[in-house]
Each structure stands twice: as structure tokens, then as C-alpha cells.
Amino acid sequence: MDNYLDLAKITYLDPADSRFYVTPGGFPGLEAVLPEFGDDLEQDSEPPMKKQDVGRVWFHRCFPFETPDEYISVLDRDGREYAMIRDVNEFPEEAQKIIRGELERKYFCPVIKSVSSLKEKLGYSYWKVETDRGPMEFSCSDTYRSIARVGGGMLIITDVDGNRYRIDDYALLDRRSYKRIELYL
């Protein structure tokens with residue numbers, strides 16, 4: 001090994017050698033030219049590449065806010081990475097639909113347009129909001145820790161059930177909505 005970067009071998013999926021499909025269970029599947037998996041500790045050289053149908057796959061965005069359509073990790077059920085998608089837009093339309101559909105399901109995050117009510121009681125905050133998906137209600141415990149600043153005015157709010165909500169830019173909220181969340185910023 002010349003340097004530590006040699007430890008991290010990234011295989012990028014080639015759109016010409018990859019096919020995403022929907023499994024009989026309705027989940028994304030993958031057939032692609034990939035390295036043959038073996039015991040990583042026993043491999044001193046590059047593993048051979050082979051066309052494989054790996055079946056059900058999972059996706060993980062490496063940079064979910066900065067580049068949501070780029071650098072998507074394609075994983076097996078145990079979280080082991082098969083390969084990386086450099087850019088979803090490089091794939092055929094049907095593959096893009098499968099990938100984006102699964103990412104939207106995994107990263108479901110309604111965008112809050114306004115906050116109609118925000119009340120605090122016994123350490124919990126109770127939110128009534130208008131989102132791009134319609135009106136919603138949720139609660140947060142330890143509200144200060146439930147709101148994460150992502151940058152550029154974006155906020156991610158995580159409720160008690162682990163659901164996420166996004167405010168694209170809190171400075172652009174209407175005056176009443178801003179006043180309701182101002183204490184927590």
C-alpha cells in the first residue's frame with residue numbers, strides 16, 4: 001500500500017453495464033458488472049469483475065443535502081457497499097425512476113412552508129405546520145437538539161418518532177412562522 005487512499009477502493013457503476021429493476025417484492029434490484037466479493041483480508045490484488053444479479057439493494061446518499069442525486073452508495077442488506085452511483089442522471093430514465101423512488105421513500109422529508117402553532121409543555125414541543133405534503137402535526141422532545149442547522153438557512157427538524165421535516169430557509173418564512181421558531185434558533 002502506497003498510502004491510506006489505497007485502502008478505500010470505490011467501484012462506480014457504469015450505466016452501460018448496470019441494470020436496475022423492481023424485484024417481485026416491489027423493491028429495487030441490481031444486475032451489474034461488479035467485483036466478486038470475497039474475504040477483504042485475504043485479497044492482495046484487485047478482485048475480478050463479473051456480471052452479477054445481486055437482487056435487492058439499498059441506497060444511501062453520501063451528501064444528502066449538498067448533492068442529493070450524486071454519490072449514491074448501493075448496498076446489500078448488511079450495509080456492505082457493492083458500488084457507488086456517481087450521478088443518477090447518467091442512468092436511463094427507468095433506472096432513475098427506480099433509484100429516485102427508493103431514495104424518496106427512504107429520505108421522506110416534508111418541506112415546512114409555515115408554522116401555524118408551536119407550543120411547549122413538559123419538555124416537549126407540539127408543532128402544527130403546513131408542508132408541501134399538506135398539514136401535519138408532530139412533537140419533539142428537547143426541541144433545541146431536535147433542530148439541526150444544515151447551512152444556508154436550512155433546518156432539519158426530527159420528531160419523537162425519528163421523522164424528519166425540512167425548512168429550506170427559515171429567514172424566508174412568513175413573519176408569524178419565524179416568530180414561533182425564533183426561540184429555538
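The values are calculated or read from the model by the stated rules, or taken from the named source; none is laboratory data. In this text the structure is predicted, and so the values were computed from the model without any measurement. Glycine also receives a Cβ, built like all others from the backbone with ideal geometry; neighbour counts cover every protein chain displayed.
Figures for the structure shown
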{"quantity": "Odd one out for residue 107, checked against (1) within 17 Å of residue 168 (Cβ to Cβ); (2) at pLDDT 95 or above; (3) not hydrophobic (A, V, I, L, M, F, W, C)", "calculated": "(2)"}
{"quantity": "Boolean, residue 48 is assigned by TED's automatic domain parsing to the domain that holds residue 85, modelled with pLDDT of 80 or more and farther than 25 Å from residue 102 by Cβ", "calculated": "yes"}
{"quantity": "Filter result for residue 140 (surrounded by 14 or more Cβ atoms within 10 Å (Cβ to Cβ) and assigned to a strand (DSSP E or B))", "calculated": "yes"}
{"quantity": "Residue match in segment 92-103 (condition: touching a residue at least 12 places away in the same chain (Cβ under 8 Å) and part of a strand (DSSP E or B))", "calculated": "no"}
{"quantity": "Hits in segment 143-155 - residues which are in a helix (DSSP H, G or I) and free of Cβ contacts under 8 Å to residues at least 24 places away in the same chain", "calculated": "145, 146"}
{"quantity": "The lone exception for residue 149 - which of (1) under 18 Å from the mean Cα position of the chain (by Cα); (2) surrounded by 12 or more Cβ atoms within 10 Å (Cβ to Cβ); (3) closer than 19 Å to residue 171 by Cα it fails", "calculated": "(2)"}
{"quantity": "In segment 156-184, residue surrounded by the fewest Cβ atoms within 10 Å (Cβ to Cβ) [restricted to those that are touching a residue at least 24 places away in the same chain (Cβ under 8 Å), of a type outside the set (Lys, Arg) and under 20 Å from residue 68 (Cα atoms)]", "calculated": "163"}
{"quantity": "Members of segment 59-83 that are touching a residue at least 40 places away in the same chain (Cβ under 8 Å) and farther than 16 Å from residue 10 by Cα", "calculated": "64, 65"}
{"quantity": "Identity of the residue in segment 127-137, closer than 14 Å to residue 163 by Cβ and over 20 Å from the mean Cα position of the chain (by Cα), that ends up surrounded by the fewest Cβ atoms within 10 Å (Cβ to Cβ)", "calculated": "137"}
{"quantity": "Residue within segment 87-104 that is surrounded by fewer than 16 Cβ atoms within 10 Å (Cβ to Cβ), over 30 Å from residue 129 (Cβ atoms), of a type in the set (D, E, K, R) and under 16 Å from the mean Cα position of the chain (by Cα) present", "calculated": "yes"}
